[in-house]
Amino acid sequence: MELDLAFIMIAPVLGGALASAALLIWWERRLLGFWQDRLGPNRVGPFGLLQIVADVVKLLTKHDWVPPFSDRVVFTLAPCAIAGGMLMAFAVVPFGPGLVVGDLNIGVLFFLAMTSVAVYGVLLGGLASNNKYALIGGLRSGAQMVTYEVFMGLSLMGVVLLSGSFNLSDIVRAQEDVWFVFPQALGFIVFLIAGLAETHRLPFDLPEAEHELAAGFHTEYSSMKFGLIMVGEYLGVILTSAMVVILFFGGWLGPGFLPPIVWFSLKTAFFVCGFILLRAAIPRPRYDQLMSLGWKILLPITLVNLLATGAIALLRTGA
Amino acid sequence: MSLEIVLFYLAALVALAATGLAVTRTNASHALIYLIISLLAVAVVFYLLGAAFAAALEVVIYAGAIVVFFLFVVMMLNLGRSAEEQERRWLPPKMWIGPGVLSAVLLLEMIALIAGSDAATSGTPVPPKAVGIELFGPYLLAVELASLLLLAGLVGAFHLGRRYMRARREEIE
């Protein structure tokens, strides 16, 4: 029975994640347009909603060029690793009570593991392109992602301490009294910054900084391979927003007049919009500023947060 | 039960094949990709044996961090075709005879040892909490020693980096 439900869940989760990632491309351009006092894509279909269909048709019919000087196999493999890793991580996301593909007791770690697999897509894409801009972009992303993965993992540990579990459903259930964002405010802020860096979104999109690196690690990518990289990036945005909601904002919990999955979607959508607003509002830091922010400010904050949370948890149990 | 055994042997086969390929590739980045696959397969084996926590850490730390650094070095050296040819010259097929014979002896010994005991393709699940209690209970000394080792590495890296940074600063001034 349990296994059956999991199998039934796979198709809607995959379909839903991919469809919302595609929709998000339109939504982001539209929102950015409004925030920058212009209209954004509004021509194709109602409110420009079919823009994404037009884009997909365009991407699929474009010449899929693999550079002759590149490492062909790795070059093709890299976008798959980006999108595949992100999609795998959706397997442990609880969309509602019991609405999860794999209710692993190591859910938090599985999420971290799969996002770190997605890092390879960026690294290998940069390496296989055999292009100096792509290589520098890949190198930057490697350093950035490994750095911020450290804080991402550490900032989650406070939540794990408070809920006493790595299971994402249990973490949500532990927030029935109070959302973890209140006792774990520091953890939340660090997780949000690390999530931004991990998905290499603006303001932390140094791996693909257009003004200095052409398009960074995906300079050589064209057609649907480029599309897959983009879909992977938007999947990352949705995934990070969903994890913020699950870990710090009570997941599917909410007043009873709306079903749990609607609460979950609404909260996630709110954070997705927050991600886009950050892109519209904050300029890109310099690369060394990014790294020293990580190691000199965020790392001490997370360690102090972890120490304090551990001490309080220990006091409560009276050991 | 039988599904688990099939999955176990499948993952073990993938791990063996990927490791073999990782050793024999002359292109460093290809070898690293096979190494990543091998680590992922070993994580699946750990999971099937009941060590879910170890499986997750295998992917997060080995595949997610350590091999990223290997790849990082390969990228910084930017090894091209010439490095591949050099590697091929250094490792002619004749090179493999000695290590191959020696490890074949070890393999035979291992088969003889394993054949005597019950093959374990699945075990009792170990929750993360139990791992933590063990680590900071009976194995506390090992944990502390490992952290000392890491600290030594950190100090060493800082020392090397500081000299470089000082030279850079003087250059700028």
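Using only atoms on other chains, find how many Cβ atoms lie within 10 Å of each Cβ of peptide B:59-66 and report the average.
So the per-residue partner count for this stretch is 6.
So if R0 is 41 Å, what FRET efficiency would residue B:105 and residue A:150 give, r being the distance between their Cβ atoms, rounded to the nearest 0.05?
Working: r = 42 Å, r/R0 = 1.03.
Computed FRET efficiency for residue B:105 and residue A:150 comes out at 0.45.
Which of the peptides B:40-49, A:227-236 is most tightly packed, and how do the rest follow, judged by the mean count of other Cβ atoms within 10 Å per residue?
Numbers: B:40-49: 21.0, A:227-236: 23.0.
The peptides rank, most packed first, as A:227-236, B:40-49.
Could you work out, for segment A:13-110, what percent of all Cα-Cα pairs fall into each 10 Å distance bin, beginning at 0 Å and stopping at the bin that holds the largest distance?
Each 10 Å bin holds this share of Cα pairs: 13, 28, 29, 25, 5, 0.
Mind checking the angle between helix A:107-128 and chain A's longest principal axis? C-alpha axes, 0 to 90 degrees, to the nearest 10.
So the helix axis and the longest Cα principal axis differ by about 20 degrees.
With every protein chain present, what accessible area does residue A:159 have (1.4 Å probe, heavy atoms only), rounded to the nearest 10 Å²?
The accessible area of residue A:159 comes to roughly 0 Å².
Summarise the partner chain shielding of A:132-145 as one whole number: the mean count of Cβ atoms from other chains within 10 Å of each residue's Cβ.
Numbers: counts 1, 0, 0, 3, 1, 0, 3, 5, 0, 0, 6, 3, 0, 3.
Average per residue, whole number: 2.
Mind checking the mean number of beta-carbon atoms from other chains within 10 Å of the Cβ atoms in A:155-167?
Working: counts 0, 0, 0, 0, 0, 1, 0, 0, 0, 1, 3, 6, 2.
So the per-residue partner count for this stretch is 1.
Within segment A:221-255, find all residues whose amide N lies under 15 Å from a label point positioned 7 Å from the Cα of residue A:269 along Cα-to-beta-carbon.
A:238, A:242
Using Cα-Cα distances under 8 Å and only pairs 6 or more residues apart, what relative contact order does segment A:125-197 have, in percent? Walk me through the numbers before you get to the answer.
Values: 46 pairs, mean separation 24.1, N = 73.
Over segment A:125-197, the number comes to 33 percent.
For a distance above 19 Å, tell me the whole-number percent of Cα pairs in segment A:57-168 that qualify.
Numbers: 3583 of 6216 pairs.
Cα-Cα pairs of segment A:57-168 separated by over 19 Å account for 58 percent.
Across segment A:266-274, in residue order, what do the Karplus-derived ³J(HN,Hα) couplings come to in whole Hz, using 6.51 cos²θ - 1.76 cosθ + 1.60 with θ = phi - 60° and x for Gly and Pro?
With coefficients 6.51, -1.76 and 1.60, one gets 4, 4, 4, 4, 4, 6, 4, 4, x Hz.
What's log10 of I(q)/I(0) for segment A:248-319 at q = 0.14 Å⁻¹, Debye sum over Cα points only, no solvent?
Taking Cα atoms of segment A:248-319 as identical point scatterers yields -0.83.
So, with +1 on the Cβ of K and R and -1 on the Cβ of D and E, and no other charges, what is the size of the charge dipole of the protein assembly as shown about its Cα centre, to the nearest 20 debye?
Values: 29 positive and 32 negative charges, 236 e Å.
Approximately 1140 debye in magnitude.
Please compute the modelled spin-label separation between residue B:7 and residue B:155, points set 7 Å along Cα→Cβ, answer in nm with one decimal.
Using points 7 Å along Cα→Cβ, the separation is 4.5 nm.
What is the helix-to-structure angle for A:132-163, meaning the angle in degrees between its Cα long axis and the longest Cα principal axis of chain A, kept from 0 to 90 and rounded to the nearest 10?
That works out to roughly 10 degrees.
What ranking of A:71, A:64 comes out by heavy-atom accessible area, probe 1.4 Å, highest first?
A:64, A:71
Using DSSP to call loops (not H, G, I, E or B), can you name the trypsin sites (Lys or Arg not before Pro) in segment A:1-103 whose Cβ has at most 16 other Cβ atoms within 10 angstrom? Don't skip to the end; give the middle numbers.
Numbers: sites: A:29, A:30, A:38, A:43, A:58, A:62, A:72; in loops: A:38, A:43, A:62.
Those that pass, being in a loop and sparsely packed, are A:38, A:43, A:62.
Show that you can apply the helix-only estimate: for the protein assembly as shown, add -39,500 (n - 2.57) for every DSSP H stretch of four or more residues, divide by all residues, and state [θ] at 222 nm to the nearest 500. Mind showing how you got there, number by number?
On the way: 20 runs with 346 residues, N = 492.
For the protein assembly as shown, the value works out to -23500 deg cm²/dmol.
Above 23 Å lies some portion of the pair distances; for segment A:149-307, what is it as a whole percent of all C-alpha pairs?
Details: 5477 of 12561 pairs.
Summing the P(r) of segment A:149-307 above 23 Å gives 44 percent of all pairs.
Using mean Cβ contacts within 10 Å as the protection proxy, how do B:29-38, A:145-154 order, highest first? Don't skip to the answer; put the middle values down first.
Values: B:29-38: 20.0, A:145-154: 21.9.
Taking the mean over residues of other Cβ atoms within 10 Å, the ranking is A:145-154, B:29-38.
For a quick check: with amide H placed at 1.01 Å from N, whose amide H comes under 5 Å from residue A:101's, ignoring anything fewer than 5 positions away on the same chain?
For residue A:101, the qualifying residues are A:93.
Relative to the longest principal Cα axis of chain A, at what angle does helix A:223-248 sit, 0 to 90 degrees, rounded to 10?
So the inclination is approximately 10 degrees.
Beyond 39 Å, what share of the Cα-Cα pairs of the protein assembly as shown is found? Please give it as a whole percent. Intermediate values should be presented prior to the final figure.
Working: 33626 of 120786 pairs.
The share of Cα pairs beyond 39 Å in the protein assembly as shown comes to 28 percent.
Using modelled amide H (1.01 Å from N, peptide plane; none on Pro or chain starts), what sits under 5 Å from the amide H of residue A:222, excluding residues fewer than 5 places away?
A:65
What translational diffusion coefficient, in µm²/s and rounded to a whole number, does the Stokes-Einstein relation yield for segment B:44-110 at 20 °C and a viscosity of 1.002 mPa s, taking the hydrodynamic radius as the Kirkwood radius over Cα pairs?
Numbers: Rh = 15.5 Å.
My calculation gives 138 µm²/s for D.
The values are calculated or read from the model by the stated rules, or taken from the named source; none is laboratory data. Note that the structure is predicted; figures quoted are calculated from it, not measured. Every residue, glycine among them, receives a Cβ derived from its backbone with ideal geometry; neighbour counts consider all protein chains shown. We work out accessible area using only protein heavy atoms, side chains counted, and drop any ligands, DNA or RNA first. Shrake-Rupley method; radii C 1.70, N 1.55, O 1.52, S 1.80 Å.
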